[in-house]
Structures are given as structure tokens and as C-alpha cells.
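A quick write-up on the structure given underneath.
The values are calculated or read from the model by the stated rules, or taken from the named source; none is laboratory data. Everything numeric here is computed off the predicted structure, so don't read it as measured data. Methodologically, a virtual Cβ is constructed for each residue, glycine included, from the backbone with ideal geometry; neighbour enumeration extends over all protein chains shown.
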Amino acid sequence: MAGIGVTRSQHKREPVVSMKRPEPASSKETVVGWLKPYSIGEKLKTLRLKKKLGLVELGRHTGFSAALLSKLERSKLYPTLPTLARIATVFDVGLDHFFLDERKRHVVAVAKRRDRQRFPERPGTSDVSYFFETLDYGATPRKLNAYYAEFQKIAREKLKPHTHAGVELLYLISGALVVAIGGQPYELEAGDSIYFDSSVPHTYCRFGDSLCTALITTVL
């Protein structure tokens, strides 16, 4: 019998596609990407210029070289927390000053009259010397507090002296008002203003029957 030749089928191999995973970013790149929005270098430079310090002089206060400080300000290097804390001490600011994202900061805040709420001087009583509205409630962060106040007619014996930290500036828009500071009365007419240490006990007393309103700002 004639032999029957059996040939193996020739299978083509499919090309192997190599799926190369993207290399993860280095830890340094990750940290830089996280810190960049906070503009730490710009904030350092702004603080230094505000204090009118040169790099060499700042170096004497912090113990860091002028070259290092220059790199920090230009964001060529990012400071460690201990380094940043030492610099913050010189400028009398907290670490939180450097970690406020400027992109999320509300540098403009509009308080529409229709949106403002009216509050009594003291809740839970009818004997109040004024009602107030906050004019800066949308501002973050606040560097001062501003209020619109409308003073009520109230017997002097029912006035309750109050205090708060900082200073106060009151500008009388309309009417007549007596502001007593530490027991000393000061009479104001529309267009007058008064500035005083608000840690001293003080009261407001409307004089007369006319509408009495004022703009009040306080600063810590």
C-alpha cells in the first residue's frame, strides 16, 4: 500500500500586543502638583516685601540662606512644614495662611438687599436698642465686619452695655444718636462718625422720633 503523507497544519501565531501600563507619577511630581495651586512661593514673597525685608535679612531671621529663600519664592523648591513654620513665625502668620487655595477664595462678595436678614441686638426680648443686617456675610476670609443698623427708641434704663474685641467705626446715616462709651455720652447727627475701642462697654440710644440708621464696621 502506498503510504499516505500526513502534514501538520501550519497555524499562524497572532501577534502579541504589549499593553504597557503608564508609569505612575513620582511622589515628587505628585506633591508638586498638589502644592502648586496654593502659590506658596508668591505668598512668601508678598509677606517679605510687605515687611520690607531683603532675602539676606530674612535669612538672618530664619537661619536659611538667601539662595534657598529665593528658590522657595520662585517655586523652584517647596518647603517642608518645619521650614515653612519657621518662616511663618517671622511674619506672625499661621501655616493656614499658605494653604488657602486662591482659586476658591471669594475676593468679591455682593450682599443683595433682598437677601440680607434682619436681626435684633438681643434675641428673645422686645427691649432692643437696634436691629442690624450683616453686609459682608459672603466674604471669605473677612478682614473686617460691616453692618447696617437701625436704632429703636428705648428708655435709657433699659439699655444693656456690651463689649467686643477690637475697634469700631460708626457712621451715622440718618437721625440723631447718643453713643455712650465707658459711661461718657457722645451726641451724633447725620453725617457724623465715631471711632472707639469696642472692648470698652458701650450703648446706643436713639434721640428723637426720626429714623436713625448707621453703617458700623468692626475690626479685630
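Could you tell me whether the stretch 12-30 includes any residue that is in a helix (DSSP H, G or I), modelled with pLDDT of 90 or more and among the polar types (S, T, N, Q)?
Checked against the condition, which is being in a helix (DSSP H, G or I), modelled with pLDDT of 90 or more and among the polar types (S, T, N, Q), the stretch 12-30 yields no hits at all.
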Residue match in the stretch 107-117 (condition: surrounded by 14 or more Cβ atoms within 10 Å (Cβ to Cβ) and out of contact with any Gly (no Cβ under 9 Å at 6 or more places or on another chain)): yes
Tally of residues being touching a Phe, Trp or Tyr at 6+ places or on another chain (Cβ under 6 Å) and closer than 16 Å to K153 by Cβ across the stretch 178-203: 2
Qualifying residue in the stretch 129-148 (condition: in contact (Cβ under 8 Å) with a residue 40 or more places away in the chain, in a loop (DSSP other than H, G, I, E, B) and on the phi > 0 side of the Ramachandran plot): no
Those residues of the stretch 161-211 which are of a type in the set (V, I, T) and either over 17 Å from S129 (Cα atoms) or touching a helix residue (DSSP H, G or I) at 6+ places or on another chain (Cβ under 7 Å) (or both), in sequence order: V167, I194, V200
Search result, residues across the stretch 149-200 that are touching a residue at least 24 places away in the same chain (Cβ under 8 Å) and of a type in the set (S, T, Y): T163, Y171, S174, S193, Y195, S198, S199
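Go over the candidates L53, L68 one by one and state the one that is outside any helix (DSSP H, G or I), assigned by TED's automatic domain parsing to the domain that holds L95, without any contact (Cβ under 8 Å) to a residue 40 or more places away in the chain and more than 13 Å from F98 (Cβ to Cβ).
Numbers: L68 fails: outside any helix (DSSP H, G or I).
Within the list L53, L68, the selection yields L53.
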